[in-house]
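Enquirer: A single structure is presented below for examination.
The values are calculated or read from the model by the stated rules, or taken from the named source; none is laboratory data. Please read all numbers here as calculations on a predicted model, not as lab measurements. Neighbour counts are summed over all protein chains in view; Cβ atoms, including those assigned to glycine, are modelled from backbone coordinates with ideal geometry. SASA here: full protein model, heavy atoms, side chains in, ligands and nucleic acids out. Shrake-Rupley method; radii C 1.70, N 1.55, O 1.52, S 1.80 Å.
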Amino acid sequence: MATLQLLRGAEMLKQGAEGRVYRAEFLGKPAVIKQRFPKRYRHPELDEKLTHRRTMQEVRSIARCRRAGISTPVVYFVDYSCSCIFLEEIVDSQTVRDFIASARRSSSRSDQELQRLAELTGRILAKMHDEDVIHGDLTTSNMLLRRSADSSELELVLIDFGLSYISALAEDKGVDLYVLEKAFLSTHPNTEPLFQQLLGSYSASSKKSSAVIKKLEEVRLRGRKRSMVG
Amino acid sequence: MHFTQKLELFPEQHVTQMLFKDVNNAAELRQDAVEGNIHAALINPTMLLSPFQALLAANKAIHSQSIGKMKTRSLNSEIIFNLSPTNNISEAFKRFGISHQDRSLLVVVVHSRDDSEVLSHIAIRVDGQEVPVEEFSSFSDPAKIRKLYKVSPQEESGGLLDAVVCRMATKDVM
């Protein structure tokens with residue numbers, strides 16, 4: 001298994017419950033490799049099917065986002081035999097999480113910068129949902145900021161589509177935003193007005209937003225799971 | 001003038017690319033390739049933006065071969081197939097393979113470490129002028145590429161090469 005051999009010599013960046021993330025050179029370019037490893041607590045056949053399907057979904061969501069002009073890492077190569085995805089490494093970037101944290105620490109940087117970020121994030125998420133891509137794990141750590149090459153404008157890059165799927169349901173989009181709201185407000189306390197701004201920008205950018213926002217309000221009252229079973 | 005890249009996934013294998021202009025014997029070369037007498041992929045460089053595309057195609061071809069999942073009959077035809085945005089094999093040959101009247105040519109050779117003999121053996125059969133691979137972009141036809149891969153202006157804002165590369169890598173799940 002060529003890919004697994006490569007990973008043995010690669011630098012591991014992160015280990016999660018579902019997989020590991022490595023950094024390595026691939027065909028002369030800096031790359032990030034996401035591996036979903038086998039879960040021994042599952043029946044092998046079921047495990048293989050689930051893992052394969054999730055890898056496919058991740059690749060599909062990234063491709064769909066890119067077609068819509070949403071920045072995500074480029075997929076270079078997928079090895080389905082070991083569920084590894086080779087992605088472009090987003091160099092010279094910073095997570096939205098770090099950006100917000102440092103912007104709030106320094107008083108010199110105005111609120112304007114944060115407002116621009118909230119506006120941008122809302123707009124990009126609206127575009128993603130209009131393509132029926134549900135990210136599944138929206139947090140400020142899964143969004144990167146980089147200065148685009150041709151201007152000094154900030155560019156938002158969405159990463160980690162590991163839990164993503166395709167759905168047109170307002171319910172799923174509402175839950176997606178709810179997950180972000182929870183993560184956003186717990187990572188960055190006292191930022192309710194900022195998140196409201198994000199939602200405002202989302203509503204203004206998407207034609208289908210009113211149903212989604214309505215669902216979001218419902219979800220806030222009952223929590224993420226619709227049925228109480230399981 | 002050649003451009004050789006080692007494959008991280010297959011350290012025994014190297015991919016060398018040679019670019020030619022003013023080619024006079026495209027028809028003959030094509031015939032030889034079809035009959036399997038040339039151990040290289042002969043590619044129409046107008047449909048490529050960068051040597052990186054050919055590298056990706058070669059890497060994926062060797063991978064598919066190693067797990068016994070090639071879609072075409074040989075490694076060299078698999079390289080051509082992998083460049084295409086669709087799963088239609090004859091379409092891939094038509095767009096990315098060399099045709100009779102072509103004047104420019106990209107030769108992609110998969111070989112082991114020290115195989116300069118193989119390379120010169122192939123190069124000598126091309127009746128044309130070899131140019132540095134850096135001149136790649138002067139052969140590219142972005143309008144045709146944009147159309148074939150169906151890249152929209154909004155996607156192209158992120159770069160045409162990135163759009164193309166992503167199509168190649170994700171075509172089997174779309």
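Enquirer: Give the residues of the range A:55-103 that are more than 21 Å from A:Arg23 (Cβ to Cβ), more than 9 Å from chain B (Cβ to nearest Cβ) and either in contact (Cβ under 8 Å) with a residue 12 or more places away in the chain or touching a helix residue (DSSP H, G or I) at 6+ places or on another chain (Cβ under 7 Å) (or both), sorted by residue number.
Expert: A:Ser61, A:Cys65, A:Phe99, A:Ile100, A:Ala101, A:Ala103
Enquirer: Moving on. Check A:Leu50, A:Leu27, A:Leu6 and return the single one that is at pLDDT below 95 and within 13 Å of chain B (Cβ to nearest Cβ).
Expert: Just a single option satisfies the conditions, and that option is A:Leu6.
Enquirer: While we're looking at this one, here's another question. Looking at (1) polar (S, T, N, Q); (2) surrounded by fewer than 22 Cβ atoms within 10 Å (Cβ to Cβ); (3) in contact (Cβ under 8 Å) with a residue 12 or more places away in the chain, can you tell me which one B:Ser116 breaks?
Expert: Failed condition: (3).
Enquirer: If A:Lys39 meets every condition in (1) at the interface with another protein chain (Cβ under 10 Å from one of its Cβ atoms); (2) part of a loop (DSSP other than H, G, I, E, B); (3) without any contact (Cβ under 8 Å) to a residue 40 or more places away in the chain apart from one, which number is that one?
Expert: The single condition A:Lys39 does not satisfy is (1).
Residues checked against (1) more than 13 Å from every other protein chain (Cβ to nearest Cβ); (2) in a helix (DSSP H, G or I); (3) open to solvent by 20 Å² or more (accessible area, probe 1.4 Å):
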residue: B:Gln101; (1), (2), (3): yes, no, yes
residue: B:Val126; (1), (2), (3): yes, no, no
residue: B:Glu130; (1), (2), (3): yes, no, yes
residue: B:Lys144; (1), (2), (3): yes, yes, yes
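Enquirer: Can you run down the residue pairs with Cβ atoms below 6 Å, 6 or more apart or on separate chains, where the first is in the range B:53-67 and without any contact (Cβ under 8 Å) to a residue 40 or more places away in the chain and the partner is of a type outside the set (D, E, K, R) and open to solvent by 10 Å² or more (accessible area, probe 1.4 Å)?
Expert: Here the result reads B:Ser64/B:Met70; B:Gln65/B:Leu75; B:Ile67/A:Ser81, each pair linking the range B:53-67 to a residue that is of a type outside the set (D, E, K, R) and open to solvent by 10 Å² or more (accessible area, probe 1.4 Å).
Enquirer: Taking the conditions exactly as written (out of contact with any helix residue (DSSP H, G or I) (no Cβ under 7 Å at 6 or more places or on another chain), part of a loop (DSSP other than H, G, I, E, B) and open to solvent by 10 Å² or more (accessible area, probe 1.4 Å)), does A:Ala168 satisfy them or not?
Expert: Yes: the conditions hold for A:Ala168.
Enquirer: Quick check on my filter: what residues within the range B:32-55 are in a helix (DSSP H, G or I) and either within 13 Å of B:Ser99 (Cα to Cα) or under 9 Å from the mean Cα position of the chain (by Cα) (or both)?
Expert: Listed by number, the residues that qualify are B:Asp32, B:Ala33, B:Val34, B:Pro45, B:Thr46, B:Met47, B:Pro51, B:Gln53, B:Ala54, B:Leu55.
Enquirer: Further, regarding this structure: Tally the residues that are in a loop (DSSP other than H, G, I, E, B) and not hydroxyl-bearing (Ser, Thr, Tyr), restricting the search to the range A:82-114.
Expert: Going through the range A:82-114 one residue at a time, the tally reaches 6.
Enquirer: Give the range A:164-206 a look and list any residue that's small (Gly, Ala, Ser) and out of contact with any Leu (no Cβ under 6 Å at 6 or more places or on another chain), or say none.
Expert: Result: A:Ser164, A:Ser167, A:Ala168, A:Ala170, A:Ala183, A:Ser186, A:Gly200, A:Ser201, A:Ser203, A:Ala204, A:Ser205, A:Ser206.
Enquirer: If you scan the range B:18-31, which residues turn out to be surrounded by 15 or more Cβ atoms within 10 Å (Cβ to Cβ) and in a helix (DSSP H, G or I)?
Expert: Passing the criteria: B:Ala26, B:Leu29, B:Arg30.
Enquirer: Residues A:Gln35, A:Gln112: which one is open to solvent by 10 Å² or more (accessible area, probe 1.4 Å), at pLDDT 95 or above and over 15 Å from the mean Cα position of the chain (by Cα)?
Expert: Matching residue, one of A:Gln35, A:Gln112: A:Gln35.
Enquirer: Counting just the residues of the range B:147-160 that are open to solvent by less than 90 Å² (accessible area, probe 1.4 Å) and more than 9 Å from chain A (Cβ to nearest Cβ), which one comes out nearest to B:Leu49 (Cα to Cα)?
Expert: Taking the candidates together, the pick is B:Leu160.
Enquirer: Condition first: within 17 Å of A:Glu131 (Cα to Cα) and among the small types (Gly, Ala, Ser). Now tell me which residues in the range A:52-90 satisfy that.
Expert: A:Ser61, A:Ala63, A:Ala68, A:Gly69, A:Ser71
Enquirer: Another question, if that's okay. Listed residues A:Ser141, A:Ser186, A:Ser152; which is assigned to a loop (DSSP other than H, G, I, E, B) and more than 19 Å from A:Glu131 (Cα to Cα)?
Expert: None of the other options fit; the residue is A:Ser152.
Matching residues to (1) without any contact (Cβ under 8 Å) to a residue 60 or more places away in the chain; (2) under 20 Å from B:Glu156 (Cα atoms):
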{"position": "A:Ile124", "(1), (2)": "yes, yes"}
{"position": "A:Lys127", "(1), (2)": "no, yes"}
{"position": "A:Glu131", "(1), (2)": "no, yes"}
{"position": "A:Asp137", "(1), (2)": "yes, no"}
{"position": "A:Thr140", "(1), (2)": "yes, no"}
{"position": "A:Met143", "(1), (2)": "yes, no"}
{"position": "A:Glu153", "(1), (2)": "yes, yes"}
{"position": "A:Ile159", "(1), (2)": "no, yes"}
{"position": "A:Ser167", "(1), (2)": "yes, no"}
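Enquirer: Within the range B:1-49, count every residue that is farther than 24 Å from B:Val164 by Cβ, free of Cβ contacts under 8 Å to residues at least 24 places away in the same chain and of a type in the set (S, T, N, Q).
Expert: Counting residues in the range B:1-49 that are farther than 24 Å from B:Val164 by Cβ, free of Cβ contacts under 8 Å to residues at least 24 places away in the same chain and of a type in the set (S, T, N, Q) gives 2.
Enquirer: Here's something else I'd like to know. Got at least one residue in the range B:64-78 being outside any loop (DSSP other than H, G, I, E, B), farther than 15 Å from B:Ile122 by Cβ and within 14 Å of the chain's Cα centre (by Cα)?
Expert: yes
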